[in-house]
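Quick notes on the structure that follows.
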Amino acid sequence: MDTRRALLDALADGPVSGPDLAGDIGVSRAAVWKAVESLRDDGFAVESTPEGYAPPDDPSYSGPGIAFGLDAPYTVEYHDALESTNARARELAGEGESDLAVVADEQTGGRGRLDREWVAPSGGIWASVLTRPDVPPAHAPVHTLAAAVATTDACREAGVDAHIKWPNDVLVGEDDGANADGQGSRGGRKLAGILTEMEGEADRVSWLVVGVGLNANLDADALPDGATSLRDERGAEVDRRRLIQRLLERYHELTADLDRVLPAWRERTSTLGRRVRVDTPGGVVEGEAVDVRFPGALVVETDDGEERVIHAGDCDHLRPARE
Ligand code: BT5
């Protein structure tokens, strides 16, 4: 694995001959050749040119393709199909791994929050990042918010005007409040969702898995009602490799400096300032969403002027109160 990584780094600077590679990396020429073959087997089509080995012009959406040029310290484990990238990342956490992104082209048993089903056919971006941040377990939710910001930014760079609905849905489109029947609206069409899982010790997170499901090159028709995809919104395919690289880089940047997360989240949300109804484990809370507070709680001002701080729940955007 290390030789492969070193090879990917060396190839980023242009064609290199086998002997030069062996010298630079400090392995035998046979080991270089083996690593080249192994990258090719994994879908990274290393070319043989007169000047030496060269990277493919347009690397595929694959493990080495995503790792190539990635400006974030994650190892990438790629699967064509997997039950759930979160489940796989949890398994790897149990084996002591860290700083790793599990990516699948298709998930056969993707999960949302509260064990809800997450539909994840081939063509989406289904990824889970495993880290071991040195923070208390209670601070874990800020990582979920960081992932929502990272996902939103990657979508915006791809030309889709995404926004965040508390806590971590990434949506597109008009947020026009309740339907005629008084039910809350989803606040737009759902482009992405995030599922965070962790194990904590008394004062420190042991491992943290943040799973992002982003509908990239999919037909909304193949997804649950209320969902949309980047391809449907832009009318053109997205480059999934670049998109996930941006997402991982942004997530790494934000989680390296957690103070930046909340301000960035506030700038990208459509929830603050709205009338909301939040279904929490302790009952329904209705009022105006006035702020988000570390590590990710929603502050709601109810009609009787009470301030409620909500740590978890499903949030609906409502029509403004009677004039
Ligand atoms: C979420 O749950 O939004 C979190 C989804 C996290 C999925 C990622 S994919 C990579 C990683 N591996 C996993 O197994 N999971 C993570 P929640 O807020 O509970 O929303 C779930 C609801 O969204 C479902 O009940 C459906 O109504 C809807 N839904 C399911 N699949 C969808 C899709 N592809 N796009 C939009 N909405 C979907």
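Key figures for this structure:
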quantity: The chain - percent relative contact order, Cα under 8 Å, separation 6 or more; calculated: 14 percent
quantity: Shape parameters for the stretch 101-147, alpha-carbon atoms, Rg then Dmax in Å; calculated: 12.9, 36
quantity: In order through the stretch 284-300: 3J(HN,Hα) via Karplus (6.51 cos²θ - 1.76 cosθ + 1.60), integer Hz, x for Gly, Pro; calculated: 8, 10, 10, x, 9, 6, 9, 6, 10, 10, 3, x, x, 7, 8, 9, 10
quantity: Within the chain, helix-based [θ] at 222 nm, where runs of 4 or more DSSP H residues each add -39,500 (n - 2.57), nearest 500; calculated: -8500 deg cm²/dmol
quantity: Kirkwood hydrodynamic radius of the stretch 29-124, Cα pairs, Å; calculated: 15.1 Å
quantity: Amide H contacts of residue 216 (H built 1.01 Å from N, under 5 Å, at least 5 apart or other chain); calculated: 124, 125, 230
quantity: Zero-based 10 Å bins, Cα pair distances in the stretch 44-199, whole percents; calculated: 10, 31, 35, 16, 6, 1, 0
quantity: Per-selection Kirkwood Rh - the chain (Cα, Å, 1 d.p.); calculated: 20.9 Å
quantity: Under Karplus coefficients 6.51, -1.76 and 1.60, residue-wise ³J(HN,Hα) of the stretch 113-128 in Hz, glycine/proline x; calculated: 5, 6, 6, 5, 6, 10, 7, 9, x, 4, x, x, 10, 10, 8, 10
quantity: Förster-model FRET efficiency, 51 Å R0, residue 33 and residue 122, C-beta, rounded to 0.05; calculated: 0.95
quantity: J(HN,Hα) series, the stretch 237-252, from Karplus relation 6.51 cos²θ - 1.76 cosθ + 1.60, nearest Hz, glycine and proline x; calculated: 4, 9, 7, 4, 5, 5, 5, 6, 4, 4, 4, 5, 5, 5, 4, 5
quantity: Rg [Å, one decimal], Dmax [Å, integer] - the stretch 193-235, C-alpha atoms; calculated: 16.0, 49
quantity: Relative contact order [Cα under 8 Å, 6+ residues apart], the stretch 211-281, whole percent; calculated: 17 percent
quantity: Carbon/sulfur fraction of accessible area - the chain, other protein chains in place, 1.4 Å, %; calculated: 44 percent
quantity: Placed amide H near residue 205: partners under 5 Å, 5+ positions off or other chain; calculated: 135
quantity: Using alpha carbons only: equivalent-ellipsoid semi-axes of the stretch 192-323, gyration tensor based, whole Å; calculated: 29, 23, 14
quantity: Surface accessible to a 1.4 Å probe, per residue, for the residues of the stretch 185-252, Å²; calculated: 41 Å²
quantity: Share, in percent, of DSSP beta bridges within the stretch 81-229 that are antiparallel, nearest 5; calculated: 90 percent
quantity: Largest to smallest accessible area among 303, 105, 239, 314 [probe 1.4 Å]; calculated: 303, 239, 314, 105
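The values are calculated or read from the model by the stated rules, or taken from the named source; none is laboratory data. Nothing here was measured: the structure is a model prediction, and the numbers come from that model. Reconstructed Cβ throughout: ideal geometry from the backbone, glycine too, with neighbour counts over all protein chains shown. These accessible areas exclude ligands, DNA and RNA; they are computed on the full protein's heavy atoms, side chains included. Shrake-Rupley method; radii C 1.70, N 1.55, O 1.52, S 1.80 Å.
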